[in-house]
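Okay, so here's the structure we're looking at.
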Amino acid sequence: MIILKGIPASPGISIGKAFLFDSQEVSVIKKKISKESIPKEISRFEEALIKTRSEILKIQDNISREMGVEHAEIFNAHLLVLEDRMIIDEVIKHLKKDCYNVEYVFTNVLKKYIVVFQKMDDEYLRERISDIEDVGKRMLRNLMGIKRQTLADIKEKVIVVAYDLSPSDTATMHKKNVTGFVTDIGGKTSHTAIMAKSLEIPAIVGLETVTKKIRNDDILIIDGTSGFVYINPDKKTLLKYQTEKRKYTRFTKDLEDLKDLPSETLDGRKVGVAANIELPEEITSVISHGAEGIGLYRTEYFYMNRNGLPDEEEQYKAYRDVAEKIAPHSVIIRTLDLGGDKFLSQLEVPKEMNPFLGWRAIRLSLAKPDLFKIQLRAILRASAHGKIRIMYPMISGLEEIEAANRLLYDAKEDLRRKNMPFDKNIEVGIMIEIPSAALIADILAKKVSFFSIGTNDLIQYSLAVDRVNEKIAYLYEPAHPGVLRLIRSIVEAAHKNNIWAGMCGEMAGEVAFVPLLVGLGLDEFSVPAATVPQIKKIMRSLTYKDAKKLAEKALQLSTGKEVEVLLADNLRDLIQGQDKQ
Ligand code: PEP
Ligand code: MG
């Protein structure tokens, strides 16, 4: 049994078979074939060799034109593998002798070939292993007629193991078959981790070398709450975790009983608990967990995993559907937040050195007013059918709000001209997730109807810690005194200007922070749907008076670690107090 520890990204326990997923990796199935099928398998093999060869020649040609002949020469090694008589003869020999599908036979021959290279003393020859693997993958894809594997293709229950998963990969996962995932890289607030929480799939990220340690079909236990991964566990561990898994399911079921109770403190302060969604399908879960509305709808996912961009009509229907289903509660629709770790193949966005500091979110929307106005018109039209609020992401200063509002005004005019109904009093709010916006919150509060604190980015920018980089994840501290001060001043600026302030970053969903955030005066928590009952439970077991005292105490401390200890002690007392009742 091997035990690894990573960054817990989405809670829960999953036990199951490993499935190595790599956008370039191909999983091969072993299949017995009849003697009569052998000639067909051989000709499939020959066709794949020809196709792979022509693909490589094409790549070589492109590279030599764009980068020079010397760069193209790397591919000579790939071509040599394809022309290697030893490999070809060996594959045909085994096809005839063993009667298995060609994908399986080819993979085995290649593995043996790699072992030979691994034993060589010559470093140059050893380095050719990656060329062989590369060509092997290309051959397999051609044999199997696959362009690129997607997580939607998985047909049995597995735990996905990957170097990295993009948010759009994650969005295509079928919860039914993917029961958990682990990755080499990534941080707690990467959009992939956020997606996992929304889908209620246990996940661990930042494991560094997990893809090297796990093979297809290994048995895994992943504990998304603690961050531990057990590879091929012994009987005792397996039994222990089967019990833990049952306990966890019971725990989440018990919490669900709270779903219809109001979210208020023991001394009667009402604090909203809403949910974050990425995909409209999540609404069922939002309602079943008792959320009081949607505090953040990340609309950019609507633009992903599809051909072409969604037009106004399609967006209107989707937003209207969400608004109608969540009624009588409201939905905050956040306008496009592309860029950072979320990309679109349909939009030509140049590669940037620092995508999180680059052409992202409102910056991109303002640079593409036609695209932005399509979305604004769709949101406005949907607002005639339910309670919708608009929210702009990544606001850094006043001018951006004004520029976005000018386009909103144009969108309203367009609709007026066409006699299309919309909510004339639609509220507009902003995400506070850039330190400059937090520092001038008093100025911005005069121009908008609400704030929503985006701690995922606010922490990343104020502590200068890339939110998706596992190497510096230890520095990503929501409890950092600098972060607490920023939150306090944002909420104070909102209240002084008679607007409300919510929080939709992952910090809002961390139970230990709830008392502190209530004490800082936060008006609304927006969290992953499955977390709503836990937040309500904590909220209903504290008093606002005590929460304020706790916040004052926390603000006196000098380090994030000290704050964490204070919050953990406080949470333990709260839970024990509950148990005594
Ligand atoms: C945030 O930054 O906290 C946030 C909620 O937005 P996103 O995670 O989509 O960047
Ligand atoms: Mg953000």
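The values are calculated or read from the model by the stated rules, or taken from the named source; none is laboratory data. For clarity, every value in this text was computed on a predicted model and none was experimentally measured. Here the Cβ is made from the backbone with ideal geometry for all residues, glycine too, and neighbour counts use every protein chain on show. Just so you know, the surface numbers come from the protein's heavy atoms only, side chains and all, with ligands and any DNA or RNA stripped out. Shrake-Rupley method; radii C 1.70, N 1.55, O 1.52, S 1.80 Å.
Observations
- ALA529 surrounded by 23 or more Cβ atoms within 10 Å (Cβ to Cβ), in contact with a Ser or Thr (Cβ under 8 Å, 6 or more places away or on another chain) and not basic (Lys, Arg): yes
- Residues of the range 522-560 that turn out to be in a helix (DSSP H, G or I) and in contact (Cβ under 8 Å) with a residue 60 or more places away in the chain, as a count: 17
- For the range 561-574, the tally of residues that are free of Cβ contacts under 8 Å to residues at least 12 places away in the same chain and either acidic (Asp, Glu) or more than 20 Å from VAL483 (Cβ to Cβ) (or both) stands at 4.
- Filter result for VAL286 (open to solvent by less than 10 Å² (accessible area, probe 1.4 Å), in contact with a Pro (Cβ under 7 Å, 6 or more places away or on another chain) and away from ligand 2 (no atom under 16 Å from the Cβ)): no
- Here TYR301 meets the list (1) away from ligand 2 (no atom under 16 Å from the Cβ); (2) touching a strand residue (DSSP E or B) at 6+ places or on another chain (Cβ under 9 Å) almost entirely, failing just condition (1).
- Pairs are defined by a Cβ separation below 6 Å, a sequence spacing of at least 6 or placement on different chains, a first member in the range 426-447 that is at positive phi and more than 13 Å from ligand 2 (Cβ to nearest atom), and a second member that is open to solvent by 50 Å² or more (accessible area, probe 1.4 Å) and at pLDDT 95 or above; no pair meets this definition.
Conditions (1) part of a helix (DSSP H, G or I); (2) of a type in the set (S, T, N, Q); (3) within 25 Å of the chain's Cα centre (by Cα); (4) closer than 17 Å to ALA551 by Cβ, marked per residue:
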position	(1), (2), (3), (4)
VAL468	no, no, yes, no
LYS471	yes, no, yes, no
ILE490	yes, no, no, yes
GLY502	no, no, yes, yes
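- Whenever a residue of the range 387-402 is open to solvent by less than 30 Å² (accessible area, probe 1.4 Å) and of a type in the set (Val, Ile, Thr), its partners that are part of a loop (DSSP other than H, G, I, E, B) and more than 16 Å from ligand 2 (Cβ to nearest atom), lying with C-beta atoms within less than 6 angstrom and at least six residues away or across chains, give the pairs ILE401/LYS447.
- Subset of the range 290-334 (residues that are touching a residue at least 60 places away in the same chain (Cβ under 8 Å), within 16 Å of ligand 1 (Cβ to nearest atom) and of a type in the set (Val, Ile, Thr)): ILE294, THR299, ILE332
- Pairs meeting the criteria (first residue in the range 1-23 and among the acidic types (Asp, Glu), second residue part of a loop (DSSP other than H, G, I, E, B), beta carbons under 9 Å, at least 6 apart or on different chains) are ASP22/GLN149; ASP22/TYR163.
- Taking the range 60-83 as the range and being under 15 Å from ARG138 (Cα atoms) and either surrounded by 15 or more Cβ atoms within 10 Å (Cβ to Cβ) or modelled with pLDDT under 65 (or both) as the test, the residues that pass are GLN60, PHE75, ALA77, HIS78, LEU79, VAL81, LEU82.
- Every condition in (1) within 16 Å of ligand 1 (Cβ to nearest atom); (2) open to solvent by 10 Å² or more (accessible area, probe 1.4 Å); (3) under 28 Å from ILE287 (Cβ atoms) holds for LEU522 except the one numbered (2).
- Scanning the range 337-386 for residues being within 16 Å of ligand 2 (Cβ to nearest atom), out of contact with any helix residue (DSSP H, G or I) (no Cβ under 7 Å at 6 or more places or on another chain) and open to solvent by less than 50 Å² (accessible area, probe 1.4 Å) gives a total of 5.
- Inside the range 192-211, residues that are at pLDDT 85 or above and either open to solvent by 10 Å² or more (accessible area, probe 1.4 Å) or not β-branched (Val, Ile, Thr) (or both) make up a count of 11.
- Under the condition of being closer than 14 Å to MET507 by Cβ, open to solvent by 10 Å² or more (accessible area, probe 1.4 Å) and without any contact (Cβ under 8 Å) to a residue 24 or more places away in the chain, the residues counted in the range 448-494 number 2.
- Residue match in the range 508-517 (condition: open to solvent by 10 Å² or more (accessible area, probe 1.4 Å), over 24 Å from GLY340 (Cα atoms), more than 16 Å from ligand 2 (Cβ to nearest atom) and modelled with pLDDT of 95 or more): yes
- Any pair with Cβ under 7 angstrom, 6 or more apart, that starts in the range 110-134 at a residue that is over 15 Å from ASP84 (Cβ atoms) and ends at one that is modelled with pLDDT of 75 or more and of a type in the set (S, T, N, Q): ARG126/GLN118
- Screening the range 335-452 for helices (runs of 4 or more DSSP H) wholly inside it with 3 or more residues that are away from ligand 1 (no atom under 16 Å from the Cβ) and modelled with pLDDT of 95 or more returns the ranges 369-382, 398-417, 441-444.
- Scanning the range 84-96 for residues that are open to solvent by 70 Å² or more (accessible area, probe 1.4 Å) and in contact (Cβ under 8 Å) with a residue 12 or more places away in the chain yields MET86, LYS96.
- Here the range 47-59 is the region considered, the condition is being open to solvent by 80 Å² or more (accessible area, probe 1.4 Å) and under 37 Å from the mean Cα position of the chain (by Cα), and the residue that is modelled with the lowest pLDDT is LYS58.
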